[in-house]
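The structure under discussion appears below in the form of structure tokens.
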Amino acid sequence: MQIVRLVTSSNDLAKEFPQLLPKGHKLVIAAPGAATTDGSGSVVFVDIDTAGVERIREYTGRAFVIAITEQERTGPVMEAATFGAYEIMRRPLRKERIERVLAELQALRKEMEQAVLIEKDLIAPAATCVIVGRSTLVMSLCEKVARIAQVEVPVLVTGETGTGKELVAEAIAQLSSRFGKPFVVINSAAVPDALLESELFGYERGAFTGAVASKEGMLRTADGGCVFFDEVGELPLPLQGKLLRFLQTQSFYPVGSTKEIQVNVRVISATNRDLAAMVREGKFREDLYHRLRVASIHVPPLRDRKKDIVPLVQCLFYRHAHTAQKAIKGVTNAFLDGLLAYDWPGNIRELENTLRSAIALCKTEYLTTHELRDLGAHSLVRPDQGLMGALASAVIPYVKEALERKDKNIYEKVHAEVDKHLLEYALSHTRENQSEAARLLGINRLTLRKKLGIAK
């Protein structure tokens, strides 16, 4: 029997409410001035018009609180949400909505029974989460980063947007002999072409209109350390030639100066574009391309290393959980399953933003699947990936890991798993009509029954 509490001094609401509850729920009515009972694990409806919105705080953390109001203003709604109300309902109340919310809370409570408590001790020592993971791909990446860091050569880091190319560049700098020296980031796409040269090389007073004083360029600032060219594929062609000369000589002329400046910097660059294709199209200088990629590192997309999602969630959760107005202890297993089932076209950046959004919207002490309802709704779909591409992106990572583990009968396991979900959905669609499901799938009924025996 599920206990539902109603906090109100309205006789009308007290009389109306019992008729709105579904079977299997026991109603306890409390006056606003009554002492707060335990309420742990229960659902509490608070009539904020008669009990006051601050009453919500007495139950949050121990019960799910639903605020009730007759007011047609946004203020009470925002106050109730701020004080921790799970949902706000306006009168007149509808039985269907109360049934939906109670069923939703029951499912949520069941999901939270299988939750993962995320504690500081579980987090990797690197507080910045520079490179986190346990997959074979990320281990190979770390090994390559460590080796390349020891050799003073230019490095080109490639990979899709959001894979963490800048963090890889930082790791190279930190593991090299230039640790503790300047690490200067130049976003080639963020600075207008007309200003990029002066920002890079600096300028002398009077070099152009508005140059009322000399300014030191980013390359001079990075002297002794590393300079990181992010989105290097966006560099304009005229500047590419000047950058090539700098890579050859480690010297440059500030804009408007005849005095050559000598520096000692290590150049690391990154791009999400295919520079080799740009070279063939005449959009990027071939000589600069070869200068930049003396050594190269490719950062794999998150969909190819889903084994890293759980440790990434642990790290990112600890980084952002403090931003919530309430204490959030961890995540449910179903929440993690939802993250693992998604393709992540925006990679780690999308994962981090999803986690931040979930923390901001969380109504309970654990992140649940309710915070993932919009997952992927605003993602940019890759043009070459249709529905079959999505299927491949789900199967291939499993196959890769199975091969790494040297599993046996991989073909049979994949087919059995696909059959299980395919047949369950087809039967649900046809309301358990096996003949109709077999017809829609293009197989005979005996084959369907045989597969059901394997899948179930």
Where trypsin sites (Lys or Arg not before Pro) fall in DSSP loop in the range 80-117, at most 14 other Cβ within 10 Å: Arg94
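Need one number: % antiparallel among DSSP beta bridges in the range 104-258, to the nearest 5. Don't skip to the answer; put the middle values down first.
Working: 2 of 8 bridges.
The antiparallel proportion sits near 25 percent.
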Net lengthening on full extension, Ala194/Lys15 (0.36 nm per residue, minus Cα-Cα): 57.1 nm
What is the helix-to-structure angle for 387-405, meaning the angle in degrees between its Cα long axis and the longest Cα principal axis of the chain, kept from 0 to 90 and rounded to the nearest 10? 80 degrees
Distance from the Cα centre of the range 395-452 to that of the range 168-197, in angstrom? 50 Å
Rolling a 1.4 angstrom probe over the protein heavy atoms, how many square angstrom per residue are accessible across the chain? 54 Å²
Can you tell me the mean projection area, over all orientations, of the convex hull of the chain's alpha carbons? Units nm², please. 31.7 nm²
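Report in % the part of the accessible area of the chain that belongs to carbon and sulfur, leaving out ligands and nucleic acids; probe 1.4 Å.
Details: 13100 of 24740 Å².
After summing per-atom areas, the C and S share lands at 53 percent.
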Could you give the length gained by full extension between Leu446 and Thr258, i.e. 0.36 nm per residue of separation minus their alpha carbon distance, to one decimal place? 59.0 nm
Could you tell me the distance between the Cα centroids of the range 301-330 and the range 230-278, to the nearest Å? 37 Å
Counting other Cβ atoms within 10 Å, keep those with at most 13, restrict to DSSP loop, and tell me which chymotrypsin sites (Phe, Trp or Tyr not before Pro) in the range 184-272 are left. Phe208
Residues of type aspartates and glutamates that Lys215 reaches as a straight line, Cα spacing below 18 Å, ignoring anything fewer than 8 places off in the same chain: Asp193, Glu197, Glu199, Glu204, Asp223, Glu260
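Report the extension gain between Leu175 and His429 in nm, rounded to one decimal, defined as 0.36 nm multiplied by the number of residues separating them, less their alpha carbon distance.
Values: separation 254, 0.36 × 254 = 91.44 nm, distance 5.61 nm.
Full extension of this stretch gives 85.8 nm more.
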Once you put a point 7 Å from the Cα of Val28 and another 7 Å from the Cα of Thr209, both along the Cβ direction, what distance in nm separates them? 7.7 nm
Return the lysines within reach of Lys165: Cα separation strictly under 18 angstrom, same-chain partners fewer than 8 residues apart disregarded; answer none if there are no such residues. Lys144, Lys306
Report, in debye and to the nearest 20, how large the dipole of the range 110-249 comes out about its Cα centre when Lys and Arg carry +1 and Asp and Glu carry -1 on their Cβ. 440 debye
For the chain, calculate the relative contact order in percent as a whole number, restricting contacts to Cα pairs under 8 Å that are 6 or more residues apart. 14 percent
Could you compute how fast the range 169-248 diffuses translationally, taking Rh as the Kirkwood radius over C-alpha pairs and applying Stokes-Einstein at 4 °C with viscosity 1.567 mPa s? Give it in µm² per second. 95 µm²/s
At 1.4 Å probe size, what's the solvent-accessible area of His322? Round to the nearest 10 Å². 140 Å²
If I take the Cα coordinates of the range 237-374 and project them onto the principal axes, what are the three extents in Å, biggest first? 64, 33, 22
Sticking with the crude label model, points 7 Å out along Cα→Cβ, report the distance from Arg91 to Gln248 in nm, one decimal please. 8.3 nm
Two-site label geometry, Asn409 and Glu152: point separation in nm, points 7 Å out along Cα→Cβ: 5.9 nm
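What is the packing order of peptides 260-268, 21-29, taking the mean over residues of other C-beta atoms within 10 Å and listing the highest first?
Working: 260-268: 18.1, 21-29: 12.7.
By packing density, highest mean first, the sequence is 260-268, 21-29.
The values are calculated or read from the model by the stated rules, or taken from the named source; none is laboratory data. What you see is a predicted model; the values in this text were computed from it and never measured. Here Cβ is always computed from backbone atoms with ideal geometry, including for glycine, and neighbour counts include all displayed protein chains. The area values use the complete protein model at the heavy-atom level, side chains included, leaving out ligands, DNA and RNA. Shrake-Rupley method; radii C 1.70, N 1.55, O 1.52, S 1.80 Å.
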